[in-house]
Structure formats: C-alpha cells, structure tokens
Amino acid sequence: AVAMAEGEGLVSVDYEVSGKVQGVFFRKYTQREAKRLGLVGWVQNTSHGTVQGQIQGPTARVRELQEWLRKVGSPQSCISRAEFSNEKEIAALEHKEFQILK
C-alpha cells in the first residue's frame with residue numbers, strides 16, 4: 001500500500017485556548033471556521049476561563065484551524081496561548097459535525 005502523503009490522512013487533536021476568549025463569541029466563530037474548513041469536533045467554555053475542544057479532519061485542514069486558533073480567533077478575542085495535545089491519526093471521523101457544547 002502507498003503511504004498517504006502529509007495532509008491526506010485524518011487526524012484528531014485536542015486544543016485549549018487561553019486569553020480573553022469567553023464572552024467574545026469565540027465558540028461561534030470557531031464553529032464557523034471549522035465548518036468552512038470541513039472539520040468536525042466540538043468547542044466549549046471551561047470553568048477556568050479558557051475555551052477547549054477537539055478537531056478532527058484532514059491533516060492540512062486541521063493545521064489551518066490550529067493556526068486560526070493560535071492567531072486569529074473571534075474579532076473581539078485576545079488570544080494569549082493555544083495549546084494542542086493528544087494528536088493522533090484516526091481511521092474515521094468520530095463526530096458528525098462541529099458542535100458548540102454547553
């Protein structure tokens with residue numbers, strides 16, 4: 001079998017974004033950007049003032065959203081840090097869509 005080139009396979013990665021990210025429509029914009037890129041997963045506010053979630057999709061697209069979470073965010077947000085963890089290759093998507101969790 002031919003190995004899939006970088007960007008072809010599916011990956012799953014968890015993220016947590018710190019800074020001024022609550023009360024600035026961060027979850028809504030993250031969902032919108034994820035849908036634009038064709039990614040699935042979820043996003044939610046945490047009790048300690050951060051936003052966290054999981055992204056799944058083609059590697060190249062996931063990288064795009066990671067960059068967006070690191071540098072862009074919602075218009076009124078102020079991102080101090082975006083951390084990514086538990087990255088792994090997956091055989092199939094584990095979510096149907098990109099959801100905002102309460």
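The values are calculated or read from the model by the stated rules, or taken from the named source; none is laboratory data. The model shown is predicted, which means the values in this text are computed figures rather than measured ones. Methodologically, a virtual Cβ is constructed for each residue, glycine included, from the backbone with ideal geometry; neighbour enumeration extends over all protein chains shown. Just the protein is used for accessible areas: all its heavy atoms, side chains included, with ligands, DNA and RNA removed. Shrake-Rupley method; radii C 1.70, N 1.55, O 1.52, S 1.80 Å.
Take each peptide in 68-75, 56-63, 87-94, count the other Cβ atoms within 10 Å of every residue, and average; sorted highest first, the result is 56-63, 68-75, 87-94. Remark: the chain carries 60 Å² of accessible area per residue (probe radius 1.4 Å; ligands, DNA and RNA excluded).
Across the chain, the mean sequence separation of Cα contacts (distance under 8 Å, 6 or more residues apart), normalised by length, yields a relative contact order of 44 percent. For the chain, with all protein chains present and a 1.4 Å probe, just round the carbon and sulfur fraction of the accessible area to a whole percent. With neighbouring chains kept in place, the figure for the chain is 49 percent. Computed over Cα pairs, the Kirkwood radius of segment 36-102 leads via Stokes-Einstein (1.002 mPa s, 20 °C) to a diffusion coefficient of 166 µm² per second.
Close Lys pairs in the chain (alpha-carbon distance under 22 Å; sequence gap of 8 or more, or different chains): 11. Assuming charge only on the beta carbon of Lys and Arg (+1) and of Asp and Glu (-1), the dipole of segment 1-86 about its Cα centre is about 400 debye to the nearest 20. Pull up the DSSP beta bridges for the chain and report the antiparallel fraction as a percent, rounded to 5. Rounded to the nearest five, the antiparallel share is 90 percent.
The calculated pair-distance distribution of segment 1-83 uses every alpha carbon pair, bins of 10 angstrom beginning at 0, and gives 19, 53, 21, 6, 1 percent.
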